[in-house]
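Note sheet for the following structure.
Throughout, read-outs are computed from the coordinates displayed, never taken from laboratory work. Quick caveat: nothing in here was measured; it's all calculated off a predicted structure. Ideal geometry is used to build each Cβ from the backbone, glycine not excepted, and the neighbour counts take in all protein chains shown.
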Amino acid sequence: MPAHLSAAERPRAQPLRARLGVAALTLALTLTAAQAAPPNEPVIETDDVQRFYALYDANGGKPSADQLQHYLDTGSPGLRLFAEKRRTTGTRIAEAIATQPQVYTDARACAQALPRVRARLRAAMDKLGELYPQAQFPPVTIAVGRAKPVGIGSPDSGVQIGLEALCAARVLNPDIEDRFVYVIAHEFVHVQQPASMTDAEGLTVLETSLVEGSAEFVTELIAGEVAYAYLAGAVAGREREIETAFAADMDKTDLSAWLYNTTPDKPGDLGYWVGYRIAKAYYRNAPDKQAALKRILTMTDAKAFLAESGWTPGMKL
């Protein structure tokens, strides 16, 4: 999801019983930039998570806004960029902790999955590098923020993930490990997309859906599943109806009916699913799959791409 993301910023997790202290958390977060890594192995930086929970515990789970601002100001380059792009401040984190305390408590349990996430992401990045030799693999920064967004990724900023936000976004995928793998892979795809550098404001439903849907398709190609796993169930039996409505709306610049509208009670973001289907149709119809993948990732003319894809509402894929 590019920097304007917030398809699943709002969902909150169901309570988790596992609890980790700082020592156990540090042991679990073994994914550091200091490790020597092959070019395609994802470097996952987690020092900011350890710093946050050390501060959190030292202040009885209620660090002050000033203390949290210091956490941001002295954080990793990835954290500082994440905060700048998503307007995160110490005050806003303090407010989120006060209003959503369970999110920050539950987030610690997610750290147990990170070593396995790293191993699976290495396989996915190897696959991406094999299929798309021009691929870039910037570090992934996992940090703690204001309970949103889940993550951002773009060519100019790399990948940043909000630990507490992604842990709480159960609507995406109930399995924490799968959720991390597919969301981070999705953000890595955005790093390869020049179109993801463009803010969504002013873009059409088609243009934005193709950016997000293409990221979903490539995530499935390299990692085995899409990040927004719930969408298949949400559209089942209504595929032609949904895509016909999409075709009628695709030139609109009001994205609210199709993108960034998921809530815990009502799954949305159907534009992701339609964009995924258009990208998949293009790939399946292309005789040269490597050239097709490059076209999907570097696509800038949405209407031309749609015409070339062969997609029609309700088509079988």
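Quick notes on this structure:
- In the calculated pair-distance distribution of segment 186-284, the portion above 20 angstrom amounts to 33 percent of the Cα-Cα pairs.
- Kirkwood Rh (inverse of mean 1/r, distinct Cα pairs), segment 240-296, angstrom: 12.8
- Dimensions of segment 130-207 from C-alpha coordinates, computed as largest minus smallest value along each principal axis and given longest first, are 34, 30, 21 Å.
- Between 0 and 90 degrees, the angle of helix 239-249 with respect to the longest Cα principal axis of the chain falls at about 90 degrees.
- Using alpha-carbon coordinates, inclination of helix 101-110 to the longest axis of the chain, degrees: 80
- DSSP beta bridge pairing in the chain, given as percent antiparallel to the nearest 5: 40
- Amide H contacts of VAL140: VAL43, ILE44, GLU45, each under 5 Å away and 5 or more positions distant or on a separate chain (H built 1.01 Å from N in the peptide plane; Pro and chain starts excluded).
- Cα long-axis angle, helix 289-298 against the chain (0 to 90 degrees, to the nearest 10): 60
- For the chain: lysine pairs under 25 Å (alpha-carbon distance), excluding those fewer than 8 apart on one chain: 19
- Charge sum, other residues only, whose C-beta stays under 10 Å from VAL49's C-beta, Lys/Arg counted +1 and Asp/Glu -1: -2
- Recomputing Cα extents along the principal axes in Å from the coordinates shown identifies the correct label among (i) 58, 47, 35; (ii) 64, 49, 45; (iii) 58, 41, 32 as (iii).
- In segment 191-286, the trypsin sites (Lys or Arg not before Pro) that fall in loop regions by DSSP, at most 15 other Cβ within 10 Å: ARG238, LYS252
- Here the 3J(HN,Hα) profile of segment 187-194, calculated from phi with Karplus coefficients 6.51, -1.76 and 1.60 at θ = phi - 60°, is 5, 4, 5, 4, 4, 7, 9, x Hz, Gly and Pro shown as x.
- Long-range Cα-Cα pairs in segment 22-192 (distance over 27 Å), rounded percent: 20
- Taking label points 7 Å from Cα along the Cα-to-Cβ direction, ASN285 and ASP301 give a separation of 1.5 nm.
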